[in-house]
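Below is one structure; the comments refer to it alone.
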Amino acid sequence: MQDAITTLINSSDVQGKYLDDASLENLQNYFRSGDLRARAAMTVSANASKIVTKTVAKALLYTDITAPGGNMYTCRRYAACIRDMDYFLRYATYAMLAGDSSILDERVLNGLKETYNSLGVPVGATVRSIQSMKEVANEMLGAEAGREMGTYLDHLCSGLS
Ligand SMILES: CCC1=C(C)/C(=C/C2=NC(=C\c3[nH]c(/C=C4\NC(=O)[C@H](C)[C@H]4CC)c(C)c3CCC(=O)O)/C(CCC(=O)O)=C2C)NC1=O
């Protein structure tokens, strides 16, 4: 796992150089938004189950997916979906704090699409659910912090698409 600081330092170290102006400006933005990101993470962790519940209500309830024959039908599969949504939210929050998406590639997306395809979990509906989660998070966190979270939720969507 990388974060904004180690990524920039590693790439300067490879060249044996001090951080250049562009890297320092990136770091400055990262530090400047630190308080915003920490507050957003606090709000998400205090409201995680609410965010997931709202997302499910917005994107999945009363669709073919929750009806008999759908992929979320039966308690076991419904619970697996809720758990996956919670993974997406928690790891997107980590990535937002780190200012880097590598944790998503390593711990969430690695092999996920293949797993979903082999189990018949609908990838398109999962991506739409993550987009709904983005809207729910945006409403709760406000535009600026919502945009930070949105970057990493989008990263999950593009990794699944
Ligand atoms: C931390 C990283 C991590 C992730 C991301 C993860 C996902 C993950 N989701 C799974 C299943 C599942 N995932 C879903 C999810 C859904 N079905 C739908 O229709 C919805 C669109 C969607 C919810 C948004 C379902 C229903 C299953 C169970 C499928 C089955 O066993 O038939 C499985 C198969 C094993 C299991 O059931 O636990 C994995 C590995 N596991 C991990 O360790």
### Summary
Residue pairs qualifying under the 6 Å Cβ cut-off, at least six apart or on distinct chains, with the first in segment 59-87 being under 11 Å from Val121 (Cα atoms) and within 9 Å of the ligand (Cβ to nearest atom) and the second being at pLDDT 95 or above and in a helix (DSSP H, G or I), are Ile65/Ala125; Met72/Tyr78; Met72/Cys81
### Query
Do we have Tyr94 as assigned to a helix (DSSP H, G or I), at pLDDT 95 or above, within 13 Å of the ligand (Cβ to nearest atom) and surrounded by 12 or more Cβ atoms within 10 Å (Cβ to Cβ) here?
yes
#### Entry: Condition broken by Asn47, with the remaining ones in (1) over 20 Å from Met140 (Cα atoms); (2) more than 12 Å from the ligand (Cβ to nearest atom); (3) surrounded by fewer than 18 Cβ atoms within 10 Å (Cβ to Cβ) satisfied
(1)
#### Entry: Failed item, numbered, when Gly150 is tested on (1) surrounded by fewer than 18 Cβ atoms within 10 Å (Cβ to Cβ); (2) free of Cβ contacts under 8 Å to residues at least 40 places away in the same chain; (3) touching a helix residue (DSSP H, G or I) at 6+ places or on another chain (Cβ under 6 Å)
(1)
### Task
With the checklist (1) over 27 Å from Arg77 (Cα atoms); (2) near the ligand (Cβ under 10 Å from one of its atoms) in hand, flag the one item Val127 doesn't pass.
(1)
## Note on the structure
Only one of (1) more than 25 Å from Ala46 (Cβ to Cβ); (2) surrounded by fewer than 16 Cβ atoms within 10 Å (Cβ to Cβ) does not apply to Leu160, and that is (2)
### Query
Hey, does segment 15-25 have a residue that's away from the ligand (no atom under 16 Å from the Cβ), in contact (Cβ under 8 Å) with a residue 24 or more places away in the chain and not polar (S, T, N, Q)?
no
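The values are calculated or read from the model by the stated rules, or taken from the named source; none is laboratory data. Because the structure is predicted, anything quoted here is derived from the model rather than measured. Note: ideal-geometry Cβ built from the backbone for every residue, glycine included; neighbour counts use all protein chains shown.
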